[in-house]
Amino acid sequence: QVQLVESGGGLVQAGGSLRLSCAASGSIVSIDAMGWFRQAPGKQREVVATIGIAGNTHYIDAVKGRFTISRDSAKKTHYLQMRSLKPEDTAVYYCKSNSPPGSWGQGTQVTVSA
């Protein structure tokens, strides 16, 4: 299975921005479809945004208008641009390939202070 590596997390004040990166490595030719997920303390992991092979995107209501998922196919890297961050966005963020099938990585911590 494909494993991706997340980076870009950190501590930011409410209203701030962060851009997360999700990199593929090795012999992977491309990631056709993938998603960003998050898991807050004491809560289940949830999907945040997905992008398909045609570039079609989907967001959960909680992040619509604030988060943008994108890809750089040449770099085999996906991004999650997060703006107007809120304390409730605090979580460990993960990316995972859907096509080809992928496994979970270590995630990157995002902490938004009030």
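Rg(Cα) of region 15-81 divided by 2.2 N^0.38 Å? Mind dumping the intermediate values first?
On the way: Rg = 12.7 Å, N = 67, 2.2 N^0.38 = 10.9 Å.
In units of the 2.2 N^0.38 Å rule of thumb, it is 1.16.
Sort 76-83, 103-110 for me by packing, meaning the mean count of neighbouring Cβ atoms within 10 Å per residue, highest on top.
Numbers: 76-83: 19.9, 103-110: 15.9.
The packing order, highest mean first, is 76-83, 103-110.
Find out how many positive minus negative residues lie around I60, taking Lys and Arg as positive, Asp and Glu as negative, among other residues whose Cβ is under 15 Å from that of I60. Don't skip to the answer; put the middle values down first.
On the way: positive: R38, K43, R45, K64, R66, K86; negative: E46, D61, E88, D89.
Net charge in that neighbourhood comes out at +2.
With every protein chain present, what is the per residue accessible area of the chain (1.4 Å probe, Å²)? Mind showing how you got there, number by number?
Working: 5930 Å² over 114 residues.
Using a 1.4 Å probe on heavy atoms only, each residue of the chain averages 52 Å².
Taking the Cα centre of the chain as origin, work out the dipole magnitude from +1 charges on Lys and Arg Cβ and -1 charges on Asp and Glu Cβ, in debye rounded to 20. Don't skip to the end; give the middle numbers.
Details: 12 positive and 7 negative charges, 22 e Å.
Here the chain has a charge dipole of around 100 debye.
At 1.4 Å probe size, with the rest of the protein present, what percent of the exposed accessible area of the chain is carbon and sulfur atoms?
Values: 2960 of 5930 Å².
C and S atoms contribute 50 percent here.
For a test of understanding, tell me how many lysine pairs in the chain have Cα atoms under 18 Å apart, given they are 8 or more places apart or on different chains. Kindly include the intermediate steps, with their values, before the conclusion.
Values: K43/K86; K64/K86; K75/K96; K76/K96.
For the chain, qualifying lysine pairs total 4.
Let me check I've understood the local charge: for D89, count other residues with C-beta under 10 angstrom from its C-beta, Lys and Arg +1, Asp and Glu -1. What total comes out? Spell out each step's value before the answer.
Details: positive: R38, R66, K86; negative: E88.
Charge balance in the 10 Å sphere: +2.
Quote the relative contact order of region 32-114 in percent (integer), defining contacts as alpha-carbon pairs under 8 Å separated by 6+ residues. Present the calculation step by step, with values, prior to reporting the outcome.
Details: 147 pairs, mean separation 25.5, N = 83.
Result for region 32-114 is 31 percent.
Given the options V29, V48, V63, which has the most mean-square fluctuation in a GNM of the chain, springs set between C-alpha atoms less than 10 angstrom apart?
Maximum among the listed residues: V29.
The values are calculated or read from the model by the stated rules, or taken from the named source; none is laboratory data. Just so you know, these numbers come straight off a predicted model, no measurement behind them. Positions of Cβ are backbone-derived with ideal geometry, glycine not excepted, and every protein chain shown enters the neighbour counts. Ligands, DNA and RNA are excluded from the accessible area calculation, which covers all protein heavy atoms including side chains. Shrake-Rupley method; radii C 1.70, N 1.55, O 1.52, S 1.80 Å.
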